[in-house]
Amino acid sequence: MGGAHRWQRLISELPDKMECRVLCPPPAYPYGEFENTHRPIKREEIDGVPVTRLWTLQPKEDSRAHQSNLGRILNYVIFSLFASLYVLVNFWRYDSVVTVSSPHTTFLPGAVAKLLGCAWIVDIFDLWLDNAEDMGYVEEGTIPYRYIWTLEWLAITKSDAITVITETMAQAYVDKFDVSRGKFTLLPFGVDSDLFVPAPKTTDSNRVLYVGNMGDSHALRPFLEAFQQLPERYTLELVGDGKRRNELETFAAELGIADRIQFSGFVDRSEVARRLQNSALSIVPLQQDFQLDYARPNKLLESMAVGTPYVASDIRELRRVSEESNGGVVAPNDPGAVAEAIQMLLEDPERREQMGKDAVSYIDEQHRWPTLGTRVAEVIRKIG
(Lines give C-alpha, C1' and ligand atoms only; values in the text may rest on other atoms or scores of the structure.)
Protein backbone atom coordinates (compact mmCIF):
# COMPACT_ATOMS: atom_id res chain seq x y z
CA MET A 1 0.00 0.00 0.00
CA GLY A 2 1.12 3.56 -0.63
CA GLY A 3 2.80 5.02 -3.69
CA ALA A 4 3.08 1.58 -5.19
CA HIS A 5 4.19 2.45 -8.72
CA ARG A 6 6.98 -0.13 -8.89
CA TRP A 7 4.92 -2.80 -7.14
CA GLN A 8 2.51 -2.87 -10.04
CA ARG A 9 5.40 -4.30 -12.06
CA LEU A 10 6.82 -6.48 -9.26
CA ILE A 11 3.41 -8.10 -8.73
CA SER A 12 3.30 -9.15 -12.38
CA GLU A 13 6.52 -11.12 -11.80
CA LEU A 14 5.24 -13.00 -8.73
CA PRO A 15 3.95 -16.61 -8.94
CA ASP A 16 0.26 -16.84 -9.88
CA LYS A 17 -0.61 -18.42 -6.53
CA MET A 18 0.35 -15.18 -4.76
CA GLU A 19 -2.83 -13.10 -4.92
CA CYS A 20 -2.25 -9.38 -4.49
CA ARG A 21 -4.22 -6.17 -4.10
CA VAL A 22 -2.82 -2.65 -4.29
CA LEU A 23 -4.15 -0.04 -1.86
CA CYS A 24 -3.26 3.49 -2.91
CA PRO A 25 -4.55 7.08 -3.19
CA PRO A 26 -5.96 8.67 -6.35
CA PRO A 27 -3.23 9.90 -8.71
CA ALA A 28 -2.19 13.47 -7.86
CA TYR A 29 1.37 14.12 -9.06
CA PRO A 30 2.32 16.08 -11.13
CA TYR A 31 -0.01 18.49 -9.35
CA GLY A 32 -2.76 19.85 -11.52
CA GLU A 33 -2.38 17.11 -14.14
CA PHE A 34 -5.20 14.91 -12.79
CA GLU A 35 -8.89 15.58 -12.22
CA ASN A 36 -9.73 15.55 -8.52
CA THR A 37 -12.11 12.90 -7.23
CA HIS A 38 -14.35 12.95 -4.15
CA ARG A 39 -15.26 9.26 -4.14
CA PRO A 40 -14.27 7.69 -0.79
CA ILE A 41 -13.39 4.34 -2.41
CA LYS A 42 -12.77 3.43 -6.02
CA ARG A 43 -12.05 -0.11 -7.15
CA GLU A 44 -10.49 -0.95 -10.49
CA GLU A 45 -8.23 -3.47 -12.15
CA ILE A 46 -4.93 -2.55 -13.79
CA ASP A 47 -3.09 -5.18 -15.84
CA GLY A 48 -4.99 -7.91 -14.00
CA VAL A 49 -4.15 -6.55 -10.52
CA PRO A 50 -7.06 -5.38 -8.31
CA VAL A 51 -6.56 -1.83 -7.09
CA THR A 52 -8.43 -0.01 -4.33
CA ARG A 53 -8.03 3.76 -4.23
CA LEU A 54 -8.87 5.54 -0.96
CA TRP A 55 -9.73 9.22 -1.04
CA THR A 56 -7.26 11.76 0.24
CA LEU A 57 -6.60 15.40 -0.43
CA GLN A 58 -5.27 15.87 -3.96
CA PRO A 59 -3.18 19.06 -4.10
CA LYS A 60 -4.04 21.43 -6.94
CA GLU A 61 -0.90 23.56 -6.78
CA ASP A 62 1.51 23.45 -9.66
CA SER A 63 4.69 21.58 -8.72
CA ARG A 64 6.65 24.83 -8.98
CA ALA A 65 4.68 26.45 -6.15
CA HIS A 66 6.63 26.88 -2.92
CA GLN A 67 3.36 26.65 -0.97
CA SER A 68 2.63 23.09 -2.12
CA ASN A 69 4.20 21.39 0.92
CA LEU A 70 1.06 21.61 3.10
CA GLY A 71 -1.07 19.97 0.44
CA ARG A 72 1.47 17.19 0.01
CA ILE A 73 1.60 16.56 3.77
CA LEU A 74 -2.19 16.38 4.02
CA ASN A 75 -2.23 14.00 1.05
CA TYR A 76 0.13 11.65 2.91
CA VAL A 77 -1.48 11.88 6.36
CA ILE A 78 -5.11 11.53 5.29
CA PHE A 79 -4.33 8.50 3.15
CA SER A 80 -2.46 6.81 6.01
CA LEU A 81 -5.46 7.25 8.33
CA PHE A 82 -7.96 5.86 5.82
CA ALA A 83 -5.59 3.01 4.95
CA SER A 84 -5.39 2.15 8.66
CA LEU A 85 -9.18 1.98 8.82
CA TYR A 86 -9.18 -0.26 5.74
CA VAL A 87 -6.74 -2.61 7.47
CA LEU A 88 -8.89 -2.71 10.61
CA VAL A 89 -11.87 -3.87 8.55
CA ASN A 90 -10.10 -6.17 6.08
CA PHE A 91 -6.98 -7.53 7.80
CA TRP A 92 -8.41 -11.06 7.92
CA ARG A 93 -8.29 -11.23 4.12
CA TYR A 94 -4.50 -10.94 3.93
CA ASP A 95 -1.47 -12.92 5.06
CA SER A 96 1.09 -10.18 4.39
CA VAL A 97 1.03 -6.43 4.01
CA VAL A 98 3.68 -4.42 2.14
CA THR A 99 3.95 -0.72 2.93
CA VAL A 100 5.81 1.42 0.44
CA SER A 101 7.77 4.47 1.55
CA SER A 102 8.28 7.28 0.87
CA PRO A 103 6.34 8.73 2.54
CA HIS A 104 6.90 7.25 5.97
CA THR A 105 3.27 7.87 6.90
CA THR A 106 2.43 4.54 5.22
CA PHE A 107 4.12 2.86 8.18
CA LEU A 108 1.02 3.54 10.30
CA PRO A 109 -1.33 1.10 8.47
CA GLY A 110 1.57 -1.37 8.32
CA ALA A 111 1.96 -1.24 12.09
CA VAL A 112 -1.80 -1.74 12.47
CA ALA A 113 -1.66 -4.80 10.19
CA LYS A 114 1.25 -6.23 12.19
CA LEU A 115 -0.65 -5.72 15.46
CA LEU A 116 -3.61 -7.62 13.98
CA GLY A 117 -1.49 -10.62 12.99
CA CYS A 118 -0.40 -9.98 9.41
CA ALA A 119 3.21 -10.30 8.32
CA TRP A 120 4.64 -6.85 7.57
CA ILE A 121 7.12 -6.08 4.80
CA VAL A 122 8.50 -2.55 4.59
CA ASP A 123 9.73 -1.31 1.21
CA ILE A 124 11.84 1.86 1.46
CA PHE A 125 13.44 3.81 -1.35
CA ASP A 126 14.04 7.16 0.34
CA LEU A 127 15.58 8.29 3.64
CA TRP A 128 12.56 10.53 3.89
CA LEU A 129 12.87 11.86 7.44
CA ASP A 130 16.60 12.53 7.22
CA ASN A 131 16.18 14.33 3.89
CA ALA A 132 13.23 16.38 5.19
CA GLU A 133 15.33 17.55 8.14
CA ASP A 134 18.31 18.39 5.92
CA MET A 135 16.14 20.46 3.57
CA GLY A 136 14.44 22.36 6.38
CA TYR A 137 10.98 20.84 5.92
CA VAL A 138 10.87 19.62 9.53
CA GLU A 139 12.87 20.35 12.68
CA GLU A 140 14.16 17.71 15.09
CA GLY A 141 12.20 17.71 18.31
CA THR A 142 8.95 19.03 16.83
CA ILE A 143 5.75 17.00 17.05
CA PRO A 144 5.74 16.09 13.31
CA TYR A 145 9.37 14.96 13.53
CA ARG A 146 8.73 12.81 16.60
CA TYR A 147 5.64 11.27 15.00
CA ILE A 148 7.48 10.27 11.82
CA TRP A 149 10.53 9.12 13.79
CA THR A 150 8.30 6.83 15.90
CA LEU A 151 6.71 5.36 12.78
CA GLU A 152 10.15 4.81 11.28
CA TRP A 153 11.35 3.09 14.47
CA LEU A 154 8.31 0.82 14.44
CA ALA A 155 8.89 -0.07 10.79
CA ILE A 156 12.58 -0.85 11.15
CA THR A 157 12.40 -2.71 14.46
CA LYS A 158 8.97 -4.41 14.39
CA SER A 159 8.41 -5.38 10.75
CA ASP A 160 9.16 -8.90 9.52
CA ALA A 161 11.32 -7.89 6.55
CA ILE A 162 12.64 -4.71 4.93
CA THR A 163 13.52 -4.12 1.30
CA VAL A 164 15.78 -1.19 0.41
CA ILE A 165 17.21 0.10 -2.84
CA THR A 166 20.91 0.11 -1.95
CA GLU A 167 23.49 -1.30 0.43
CA THR A 168 24.23 2.22 1.65
CA MET A 169 20.60 2.65 2.73
CA ALA A 170 20.58 -0.70 4.55
CA GLN A 171 23.70 0.23 6.48
CA ALA A 172 22.24 3.62 7.40
CA TYR A 173 19.28 1.93 9.11
CA VAL A 174 21.49 -0.69 10.75
CA ASP A 175 23.55 2.10 12.32
CA LYS A 176 20.54 4.25 13.22
CA PHE A 177 18.42 1.60 14.96
CA ASP A 178 20.94 -1.11 15.86
CA VAL A 179 19.16 -3.86 13.94
CA SER A 180 20.57 -6.87 12.12
CA ARG A 181 21.77 -6.42 8.53
CA GLY A 182 20.11 -9.78 7.80
CA LYS A 183 16.69 -8.14 8.07
CA PHE A 184 17.29 -6.17 4.86
CA THR A 185 16.97 -7.36 1.27
CA LEU A 186 18.30 -5.26 -1.60
CA LEU A 187 15.50 -4.42 -4.02
CA PRO A 188 16.66 -1.66 -6.36
CA PHE A 189 14.49 -0.02 -8.97
CA GLY A 190 13.86 -2.01 -12.11
CA VAL A 191 14.04 -0.87 -15.72
CA ASP A 192 11.49 -1.72 -18.41
CA SER A 193 13.33 -3.82 -20.99
CA ASP A 194 10.65 -3.19 -23.62
CA LEU A 195 10.80 0.60 -23.35
CA PHE A 196 14.38 1.44 -22.44
CA VAL A 197 16.29 -0.47 -25.09
CA PRO A 198 19.89 0.18 -26.17
CA ALA A 199 20.41 2.67 -28.98
CA PRO A 200 21.60 0.95 -32.19
CA LYS A 201 24.80 3.02 -32.28
CA THR A 202 26.63 5.75 -30.42
CA THR A 203 25.16 9.12 -31.34
CA ASP A 204 27.28 11.94 -32.71
CA SER A 205 24.98 14.45 -31.00
CA ASN A 206 26.42 17.16 -28.75
CA ARG A 207 23.30 17.17 -26.57
CA VAL A 208 23.39 16.39 -22.85
CA LEU A 209 20.11 15.40 -21.19
CA TYR A 210 18.65 15.74 -17.70
CA VAL A 211 15.44 13.89 -16.83
CA GLY A 212 13.60 14.35 -13.56
CA ASN A 213 12.41 16.72 -10.89
CA MET A 214 13.91 20.16 -10.35
CA GLY A 215 13.79 20.23 -6.56
CA ASP A 216 15.94 20.99 -3.56
CA SER A 217 17.87 17.72 -3.68
CA HIS A 218 19.07 18.20 -7.26
CA ALA A 219 22.36 20.08 -7.69
CA LEU A 220 21.49 21.59 -11.05
CA ARG A 221 23.15 24.99 -10.61
CA PRO A 222 26.80 23.79 -10.84
CA PHE A 223 25.88 21.65 -13.83
CA LEU A 224 24.37 24.71 -15.55
CA GLU A 225 27.47 26.73 -14.68
CA ALA A 226 29.58 24.01 -16.29
CA PHE A 227 28.02 24.83 -19.66
CA GLN A 228 29.33 28.37 -19.34
CA GLN A 229 32.81 26.82 -19.58
CA LEU A 230 32.04 24.33 -22.36
CA PRO A 231 32.19 24.96 -26.14
CA GLU A 232 29.04 26.55 -27.53
CA ARG A 233 28.23 23.47 -29.63
CA TYR A 234 27.35 21.54 -26.45
CA THR A 235 23.72 21.92 -25.36
CA LEU A 236 21.66 20.79 -22.37
CA GLU A 237 18.02 19.74 -22.36
CA LEU A 238 16.08 19.43 -19.10
CA VAL A 239 13.02 17.18 -19.22
CA GLY A 240 10.68 17.43 -16.23
CA ASP A 241 9.49 20.14 -13.88
CA GLY A 242 9.67 21.21 -10.28
CA LYS A 243 9.46 24.18 -7.95
CA ARG A 244 12.96 25.38 -8.95
CA ARG A 245 12.32 25.49 -12.69
CA ASN A 246 11.71 29.25 -12.83
CA GLU A 247 14.80 29.87 -10.72
CA LEU A 248 16.93 27.72 -13.03
CA GLU A 249 15.58 29.34 -16.18
CA THR A 250 16.49 32.74 -14.74
CA PHE A 251 19.92 31.44 -13.70
CA ALA A 252 20.64 30.15 -17.21
CA ALA A 253 19.76 33.59 -18.62
CA GLU A 254 22.04 35.29 -16.09
CA LEU A 255 24.89 33.00 -17.15
CA GLY A 256 24.33 34.01 -20.76
CA ILE A 257 23.65 30.43 -21.91
CA ALA A 258 19.84 30.45 -22.23
CA ASP A 259 20.13 29.78 -25.97
CA ARG A 260 21.90 26.46 -25.21
CA ILE A 261 19.65 25.33 -22.35
CA GLN A 262 16.21 23.92 -23.23
CA PHE A 263 13.52 23.36 -20.59
CA SER A 264 11.09 20.86 -22.13
CA GLY A 265 8.69 20.13 -19.25
CA PHE A 266 7.03 16.74 -18.85
CA VAL A 267 7.05 14.29 -21.75
CA ASP A 268 5.66 10.78 -22.22
CA ARG A 269 7.75 7.90 -20.89
CA SER A 270 8.37 6.55 -24.39
CA GLU A 271 9.65 9.99 -25.37
CA VAL A 272 12.05 9.94 -22.39
CA ALA A 273 13.54 6.71 -23.73
CA ARG A 274 13.90 8.16 -27.23
CA ARG A 275 15.58 11.33 -26.01
CA LEU A 276 18.01 9.34 -23.90
CA GLN A 277 18.90 7.19 -26.90
CA ASN A 278 19.56 10.30 -29.00
CA SER A 279 21.68 12.11 -26.40
CA ALA A 280 25.44 11.86 -26.09
CA LEU A 281 25.36 12.00 -22.29
CA SER A 282 22.96 12.34 -19.39
CA ILE A 283 23.57 14.10 -16.08
CA VAL A 284 22.58 12.92 -12.59
CA PRO A 285 23.07 15.90 -10.24
CA LEU A 286 22.43 15.38 -6.51
CA GLN A 287 23.27 17.59 -3.56
CA GLN A 288 26.38 16.49 -1.68
CA ASP A 289 25.44 18.40 1.49
CA PHE A 290 22.32 16.29 2.15
CA GLN A 291 22.07 12.65 3.24
CA LEU A 292 21.73 11.31 -0.29
CA ASP A 293 24.62 8.84 -0.32
CA TYR A 294 22.09 6.00 -0.57
CA ALA A 295 20.51 7.22 -3.82
CA ARG A 296 20.49 5.20 -7.06
CA PRO A 297 17.81 7.12 -9.00
CA ASN A 298 15.75 5.94 -11.94
CA LYS A 299 17.24 8.57 -14.23
CA LEU A 300 20.62 6.91 -13.79
CA LEU A 301 19.34 3.39 -14.48
CA GLU A 302 17.29 4.37 -17.52
CA SER A 303 20.24 6.16 -19.06
CA MET A 304 22.39 3.08 -18.52
CA ALA A 305 19.70 0.81 -19.98
CA VAL A 306 19.76 2.60 -23.34
CA GLY A 307 23.56 2.74 -23.36
CA THR A 308 23.95 6.48 -22.78
CA PRO A 309 26.86 7.27 -20.41
CA TYR A 310 26.34 9.78 -17.61
CA VAL A 311 28.14 12.37 -15.51
CA ALA A 312 26.86 12.22 -11.94
CA SER A 313 27.50 13.95 -8.64
CA ASP A 314 30.17 12.25 -6.57
CA ILE A 315 28.09 10.62 -3.85
CA ARG A 316 28.71 7.16 -2.43
CA GLU A 317 26.16 5.03 -4.25
CA LEU A 318 26.68 6.74 -7.61
CA ARG A 319 30.41 6.23 -7.20
CA ARG A 320 29.79 2.55 -6.41
CA VAL A 321 27.66 2.04 -9.53
CA SER A 322 30.20 3.83 -11.70
CA GLU A 323 33.05 1.66 -10.44
CA GLU A 324 31.07 -1.58 -10.76
CA SER A 325 29.56 -0.87 -14.17
CA ASN A 326 31.88 1.50 -16.04
CA GLY A 327 28.64 3.09 -17.21
CA GLY A 328 29.57 6.68 -16.38
CA VAL A 329 31.74 8.95 -14.28
CA VAL A 330 31.25 11.00 -11.12
CA ALA A 331 32.47 14.51 -10.39
CA PRO A 332 32.20 16.86 -7.41
CA ASN A 333 29.53 19.54 -7.69
CA ASP A 334 32.03 22.06 -8.97
CA PRO A 335 31.41 23.70 -12.35
CA GLY A 336 34.98 23.20 -13.50
CA ALA A 337 35.07 19.52 -12.55
CA VAL A 338 31.69 18.89 -14.16
CA ALA A 339 32.71 20.68 -17.35
CA GLU A 340 35.93 18.68 -17.53
CA ALA A 341 34.07 15.37 -17.12
CA ILE A 342 31.45 16.25 -19.75
CA GLN A 343 34.02 17.44 -22.29
CA MET A 344 36.25 14.41 -21.71
CA LEU A 345 33.43 12.03 -22.61
CA LEU A 346 31.94 14.08 -25.44
CA GLU A 347 35.33 14.17 -27.16
CA ASP A 348 35.89 10.42 -26.84
CA PRO A 349 33.13 8.54 -28.76
CA GLU A 350 34.97 5.21 -28.55
CA ARG A 351 35.04 5.39 -24.76
CA ARG A 352 31.36 6.37 -24.68
CA GLU A 353 30.51 3.40 -26.87
CA GLN A 354 32.28 0.97 -24.53
CA MET A 355 30.72 2.59 -21.45
CA GLY A 356 27.30 2.24 -23.04
CA LYS A 357 27.80 -1.48 -23.66
CA ASP A 358 29.05 -2.03 -20.11
CA ALA A 359 26.09 -0.10 -18.69
CA VAL A 360 23.57 -2.21 -20.60
CA SER A 361 25.18 -5.41 -19.30
CA TYR A 362 25.07 -4.11 -15.74
CA ILE A 363 21.36 -3.27 -16.00
CA ASP A 364 20.60 -6.71 -17.46
CA GLU A 365 22.30 -8.36 -14.48
CA GLN A 366 21.09 -6.12 -11.64
CA HIS A 367 17.95 -4.19 -12.56
CA ARG A 368 15.53 -6.25 -14.65
CA TRP A 369 12.04 -6.84 -13.29
CA PRO A 370 11.99 -10.68 -13.48
CA THR A 371 15.10 -10.85 -11.29
CA LEU A 372 13.61 -8.42 -8.77
CA GLY A 373 10.25 -10.23 -8.78
CA THR A 374 11.98 -13.48 -7.86
CA ARG A 375 13.70 -11.69 -4.98
CA VAL A 376 10.36 -10.36 -3.67
CA ALA A 377 8.76 -13.81 -3.89
CA GLU A 378 11.60 -15.22 -1.76
CA VAL A 379 11.04 -12.55 0.90
CA ILE A 380 7.29 -13.27 1.01
CA ARG A 381 7.85 -17.01 1.30
CA LYS A 382 10.42 -16.53 4.03
CA ILE A 383 8.06 -14.64 6.33
CA GLY A 384 4.88 -16.51 5.35
Filter the range 76-96 for residues that are outside any helix (DSSP H, G or I) and polar (S, T, N, Q) and give the result. SER96
Of the criteria (1) in a helix (DSSP H, G or I); (2) farther than 25 Å from ARG296 by Cα; (3) open to solvent by 60 Å² or more (accessible area, probe 1.4 Å), which one ILE73 fails: (2)
Condition first: of a type in the set (A, V, I, L, M, F, W, C), more than 25 Å from LEU70 (Cβ to Cβ), crowded, with 16+ Cβ neighbours inside 10 Å and over 20 Å from the mean Cα position of the chain (by Cα). Can you find one or more residues in the range 182-202 that meet it? yes
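Counting just the residues of the range 145-172 that are without any contact (Cβ under 8 Å) to a residue 12 or more places away in the chain and not charged (D, E, K, R), which one comes out nearest to LEU300 (Cα to Cα)? Even if it seems obvious, please write down each step before you answer.
Step one: filter the range 145-172 for residues without any contact (Cβ under 8 Å) to a residue 12 or more places away in the chain, giving 146-147, 150, 171.
Cutting the leftovers down to not charged (D, E, K, R) gives us 147, 150, 171.
Values: TYR147: 33, THR150: 32, GLN171: 22 Å.
So the residue we want is GLN171.
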Is it the case that some residue within the range 340-355 is out of contact with any strand residue (DSSP E or B) (no Cβ under 9 Å at 6 or more places or on another chain), touching a residue at least 60 places away in the same chain (Cβ under 8 Å) and open to solvent by less than 10 Å² (accessible area, probe 1.4 Å)? no
Scan the range 74-98 for residues that are without any contact (Cβ under 8 Å) to a residue 60 or more places away in the chain and among the small types (Gly, Ala, Ser) and jot them down. SER80, SER84
Output for the range 259-299, where each listed residue is of a type in the set (A, V, I, L, M, F, W, C) and out of contact with any helix residue (DSSP H, G or I) (no Cβ under 9 Å at 6 or more places or on another chain): PHE266
Contact list please: Cβ distance under 6 Å, first residue in the range 256-267 and within 13 Å of GLY242 (Cβ to Cβ) and touching a residue at least 40 places away in the same chain (Cβ under 8 Å), second residue of a type in the set (Asp, Glu) and open to solvent by 60 Å² or more (accessible area, probe 1.4 Å), pairs at least six apart or on different chains. none
Since VAL376 meets every condition but one in (1) buried (at least 21 other Cβ atoms within 10 Å of the Cβ); (2) within 30 Å of GLU225 (Cα to Cα); (3) not basic (Lys, Arg), which condition does it not meet? (2)
Cβ-Cβ distance below 6 Å, separation of 6 or more or different chains: which pairs start in the range 292-312 with a residue that is closer than 19 Å to GLN277 by Cβ and without any contact (Cβ under 8 Å) to a residue 40 or more places away in the chain and end on one that is polar (S, T, N, Q) and open to solvent by less than 10 Å² (accessible area, probe 1.4 Å)? TYR310/SER282; TYR310/SER303
Go through the range 6-59 and tell me which strands (runs of 3 or more DSSP E), entirely inside it, have 3 or more residues that are at negative phi, open to solvent by 30 Å² or more (accessible area, probe 1.4 Å) and among the hydroxyl-bearing types (Ser, Thr, Tyr). none
Within the range 181-231, tally of residues that are over 29 Å from ILE124 (Cα atoms), of a type in the set (Val, Ile, Thr) and in a loop (DSSP other than H, G, I, E, B): 2
Residue, farthest from ASN333 (Cα to Cα), within the range 276-297, restricted to residues that are among the charged types (D, E, K, R) and open to solvent by 40 Å² or more (accessible area, probe 1.4 Å): ASP293
Residue check: is ARG274 of a type in the set (Lys, Arg) and in contact with a Ser or Thr (Cβ under 6 Å, 6 or more places away or on another chain)? no
Take GLU347 and tell me if it is within 23 Å of LEU195 (Cβ to Cβ) and acidic (Asp, Glu). no
Taking the range 100-134 and keeping only residues that are within 16 Å of PRO188 (Cα to Cα), touching a strand residue (DSSP E or B) at 6+ places or on another chain (Cβ under 9 Å) and open to solvent by less than 20 Å² (accessible area, probe 1.4 Å), one is left with VAL100, SER101, ILE121, VAL122, ASP123, ILE124
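The values are calculated or read from the model by the stated rules, or taken from the named source; none is laboratory data. The model shown is predicted, which means the values in this text are computed figures rather than measured ones. A quick note on method: Cβ atoms are made from the backbone with ideal geometry, for glycine too, and the neighbour counts reach across all protein chains shown. SASA here: full protein model, heavy atoms, side chains in, ligands and nucleic acids out. Shrake-Rupley method; radii C 1.70, N 1.55, O 1.52, S 1.80 Å.
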